[in-house]
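> Quick one: structure below, then a few questions.
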Amino acid sequence: MFKKLVLVQGILLALQTLLYFGCEFFQSKIHNVKRPVDDKIPFLPWTVLPYCFWFPMIAFYPLIVFRTDPYSYCGYLMTMVMENVLSVVCYLVYPTSFQRPVPPDGFWGNFIKLVYHGSYRGLNCAPSLHCSSCFLVICVSFTCAGMSLWVRGFTVSIAIMIVLSTLTTKQHTLIDVLTAVPLFLISRILGILLTIRYFTPILTFVGK
């Protein structure tokens, strides 16, 4: 069962990576999403650390949810799929980017340079997939039946820190974060509908 869970998550992450970076080859006429309010948000290179918490979170959090409540896991999985698909549609229809600041010298500055470099063309800003997936984690942590209080508190705290860090690392603008809200809500509704339809087949596949 565990191997199948890892396989499902691996396929989802591979699909997400392929769609996220692959769609950049088809984007032109890039729109600048930076606004004056973004200049008032401080640039804090050290917050790249909580920003990078996103990667282990999306890898391990679903496994925790599955062990706690399989139905919540299916809802998480289906919602995440919809977030990926709908966000890519947004990126293709309305490509977005903005000019990142020059990181300072030093450890955290060099760290954030690696993150900027890993963003390839620096596109796919609005809506922020980082933030929409964090909103999903927050939602599931509050609604997952049987999840312990400390796990809820820990995962919600991490997700909030990641959302804030997208702004202070200048990887996203305020518009990116705000547009991630309707993306999450629409994806959640569709994800629940898909869960109702495919709950049993998914559990059968993973061997529950």
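> Take a quick pass over the chain and tell me how many lysine pairs come in under 23 angstrom between Cα atoms, counting only ones 8 or more apart or on separate chains. Present the calculation step by step, with values, prior to reporting the outcome.
Working: Lys3/Lys208; Lys4/Lys208; Lys29/Lys170; Lys34/Lys113; Lys34/Lys170; Lys40/Lys113; Lys40/Lys170; Lys113/Lys170.
Summing the qualifying lysine pairs gives 8.
> How far, in nm, would the chain grow between Val115 and Leu7 when pulled straight, counting 0.36 nm per residue and subtracting the alpha carbon separation?
On the way: separation 108, 0.36 × 108 = 38.88 nm, distance 2.63 nm.
The Val115-Leu7 span can extend by a further 36.2 nm.
> Cβ under 13 Å from Cys144's Cβ, Cys144 left aside: what net charge do those residues give with Lys, Arg +1 and Asp, Glu -1?
Values: positive: Arg67, Arg152; negative: Asp69.
Here the charged neighbours net out to +1.
> Using only Cα atoms, locate the centre of region 141-208 and the centre of region 54-78, then give the distance between them in Å, rounded to an integer.
9 Å
> Could you give the size of the charge dipole of the chain about its Cα centre, using +1 on the Cβ of each K and R and -1 on the Cβ of each D and E, expressed in debye and rounded to the nearest 20?
Values: 15 positive and 7 negative charges, 45 e Å.
Roughly 220 debye, rounded to the nearest 20.
> When you have a sec, figure out the Kirkwood radius of region 53-208 from all distinct Cα pair distances and drop it here in Å to one decimal?
On the way: mean 1/r = 0.0605 Å⁻¹.
With all distinct Cα pairs of region 53-208 included, I get 16.5 Å.
> What residue among Cys125, Cys23, Cys74 has the largest mean-square fluctuation in a Gaussian network model of the chain, using Cα springs under 10 Å?
In the Gaussian network model the winner is Cys23.
> Right, next: Along its three principal axes, how long is region 127-183 when you only count alpha carbons? Whole Å, largest extent first please.
Each principal axis gives a Cα extent; for region 127-183 these are 35, 21, 11 Å.
> Let's test the formula: R0 of 22 Å, r as the Cβ-Cβ distance of Val93 and Ile160. What FRET efficiency results, to the nearest 0.05?
On the way: r = 29 Å, r/R0 = 1.32.
E(calc), rounded to 0.05, equals 0.15.
> Something else about it: Provide the per-residue ³J(HN,Hα) series for region 167-183, in order, calculated from phi with Karplus coefficients 6.51, -1.76, 1.60 and θ = phi - 60°, each as a whole number of Hz, with x at glycine and proline positions.
Using θ = phi - 60°, the values come out as 7, 7, 8, 6, 7, 9, 9, 4, 4, 4, 5, 5, 6, 6, 5, x, 4 Hz.
> Same structure again: Any chance you could run the full-extension gain for Ile186 through Leu15? It's 0.36 nm times the residue separation minus the Cα-Cα distance, nm to one decimal.
59.6 nm is the gain from fully extending Ile186 to Leu15.
> For Val102 and Thr204, what is the calculated FRET efficiency with R₀ set at 45 Å and r taken between the beta-carbons, to the nearest 0.05? Intermediate values should be presented prior to the final figure.
On the way: r = 52 Å, r/R0 = 1.16.
So, using R0 = 45 Å, E works out to roughly 0.30.
> Would you kindly state how much longer the chain becomes between Phe53 and Asn32 on full extension, computed as 0.36 nm times their sequence separation minus their alpha carbon distance, in nm to one decimal? The partial results should precede the final answer.
Values: separation 21, 0.36 × 21 = 7.56 nm, distance 2.68 nm.
Difference between extended and current length: 4.9 nm.
> Keeping the other protein chains in place, figure out the carbon and sulfur percent of the accessible area of the chain, with a 1.4 Å probe.
Values: 7920 of 10560 Å².
Roughly 75 percent, rounded to a whole number.
> Looking only at Cα atoms, what is the convex hull volume of region 1-117 per residue, in Å³? Can you show the working numbers first?
Numbers: hull volume 16.7 nm³, N = 117.
Spelled out: Cα convex hull of region 1-117, divided by residues, is 142 Å³.
> In percent, how large is the relative contact order of the chain, given Cα pairs closer than 8 Å and 6 or more residues apart? Please list the in-between numbers first.
On the way: 268 pairs, mean separation 73.3, N = 208.
Averaging sequence separation for qualifying contacts and normalising by length gives 35 percent for the chain.
> In addition: Given contacts defined as C-alpha pairs under 8 Å and at least six residues apart, what's the relative contact order of region 110-189, whole-number percent?
With pairs under 8 Å counted, the relative contact order is 46 percent.
The values are calculated or read from the model by the stated rules, or taken from the named source; none is laboratory data. If you're wondering where the values come from, they're calculated on a predicted model, not measured in any experiment. As a convention, Cβ positions derive from the backbone with ideal geometry for all residues, glycine included, and neighbour counts pool all protein chains shown. Only protein heavy atoms, including side chains, enter the accessible area calculation; ligands, DNA and RNA are left aside. Shrake-Rupley method; radii C 1.70, N 1.55, O 1.52, S 1.80 Å.
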